[in-house]
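Undergrad: This structure is in structure tokens; I'll ask about it shortly.
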Amino acid sequence: MSSIQSSYVIWRTYGAGFWSIVASTLAHCDIATQNGLVPVVDMEKHTSVYNEDQPVKGTKNMWEYYFQQPAGRDLADIGKFPSLNDGTIPSGYPRELGDDAYRALWQKYVKLQPHIEDGIKQTTRGLGISQTTLGVHFRGQEMRTAIGHKFPPTLGQMNSAITHVLETSDFDNILLVTEAEQYVAALRRKWGSRLLVSPTFRLWRRNSYTLKNPPRPEHRYNLGREALQDAHLLAACGGYIRGHSGLSEAALLITERGFTPHIKFSQGRNSFRPYLAPFL
């Protein structure tokens, strides 16, 4: 089979979040292999919200900012008439990234770029994360009013869950991963020096993805890098408290030991009616 016939180009529709991009890429890698094709990820021509205008680490392919090509084939080698996917998560594949099916695909197809892997290891060591760290992913902000989105936990619920775990298990500290600066302040008042905080860019009650002017160099690239790093930091913890989001699920994808305990908040979904969702 020639290289023109054997390439299967993977991309994602614009606007998808980082871990949704990962889920669709893994699913299409699986489809490519089942059909005797070689998966090649093209997020240079098919851009995402994480693409920068200028190359990052020598590439304009957003996937290659963070990951190596799943089969080692470069975009320059795909030929003129490759097979293409439709830019979505294909039918028949789970919507939950933490599903065991994705875990197997992650282990098979994903290899981090060396600079990404080194950065994650340095941050993990620097924060002192270990099996005696309780991981907490606390996402909120626009999720509370988003149409059709699952509701995140409240601050009171999160503090109650942390209190319960610390009273019944043996953890030295707490790792907080959040995009909301107000949650950092609130939990630090409660937990003081026991609280470790992921070094992620965040704002008070504003979404980092919707800023008109980039607040730092390579802001879009760094949003993806931080999403990837945060999932690895959580995966290195011994216990886990979370709501529902792609990043929350990603820690389950990556962890080597699992979590004890593992607490997930599930408390329903917001209305799909745009005039009602902002108030529920």
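The values are calculated or read from the model by the stated rules, or taken from the named source; none is laboratory data. No experiment lies behind these values; they were computed from the predicted model shown. Every residue, glycine as well, gets a Cβ built from its backbone with ideal geometry; the counts of neighbours run over all protein chains shown. SASA here: full protein model, heavy atoms, side chains in, ligands and nucleic acids out. Shrake-Rupley method; radii C 1.70, N 1.55, O 1.52, S 1.80 Å.
Undergrad: Take the Cβ-Cβ distance between Thr210 and Thr13 as r, set R0 to 25 Å, and report the resulting FRET efficiency rounded to the nearest 0.05.
TA: 0.85
Undergrad: With every protein chain left in place, what is the accessible area per residue of the stretch 36-122 in square angstrom, probe 1.4 Å?
TA: On the way: 4570 Å² over 87 residues.
For the stretch 36-122, the solvent-accessible area averages 53 Å² per residue.
Undergrad: A further question follows. How are the C-alpha pair distances of the stretch 175-241 spread across 10 Å bins, as whole percents from the shortest bin up?
TA: 19, 48, 29, 5
Undergrad: If you don't mind, there's one more thing I want to ask. Going by accessible area, probe 1.4 Å, with all protein chains left in place, what is the ranking of Ser20, Ser193, largest first?
TA: Listed by decreasing accessible area, they come as Ser193, Ser20.
Undergrad: Please state, as a whole number in µm²/s, the translational diffusion coefficient that the Stokes-Einstein equation yields for the stretch 81-133 at 4 °C and 1.567 mPa s, with Rh defined as the Kirkwood radius across alpha carbon pairs.
TA: Values: Rh = 14.5 Å.
The Stokes-Einstein estimate is 89 µm²/s.
Undergrad: With every protein chain kept in the model, how would you rank Lys108, Lys212, Lys264 by accessible area, 1.4 Å probe, largest at the top?
TA: My answer, sorted largest first, is Lys212, Lys108, Lys264.
Undergrad: So how strong a dipole does the stretch 8-100 carry about its Cα centre when Lys and Arg Cβ are +1 and Asp and Glu Cβ are -1, to the nearest 20 debye?
TA: 200
Undergrad: List, in the order given, every pair from Lys190/Lys212; Lys121/Lys212; Lys57/Lys108 whose Cα-Cα distance in the structure shown is over 27 Å.
TA: Flagged as over cut-off: Lys190/Lys212; Lys121/Lys212.
Undergrad: Which value in deg cm²/dmol, rounded to the nearest 500, describes the helix-derived mean residue ellipticity at 222 nm for the chain, given -39,500 (n - 2.57) per DSSP H run of n ≥ 4 and division by the residue count?
TA: -11000 deg cm²/dmol
Undergrad: Among Leu127, Leu233, Leu253, which one moves the most in a GNM of the chain with springs linking Cα atoms closer than 10 Å?
TA: Between Leu127, Leu233, Leu253, it is Leu127 that shows the largest mean-square fluctuation.
Undergrad: For the stretch 1-95, what D do you get in µm² per second when you plug the Kirkwood radius from alpha-carbon pairs into Stokes-Einstein at 37 °C and 0.692 mPa s?
TA: 245
Undergrad: With a 1.4 Å probe and every protein chain kept in, tell me what percent of the accessible surface of the chain is carbon plus sulfur. List each step's numbers first, then the result.
TA: Values: 6820 of 13410 Å².
The value for the chain is 51 percent carbon and sulfur by accessible area.
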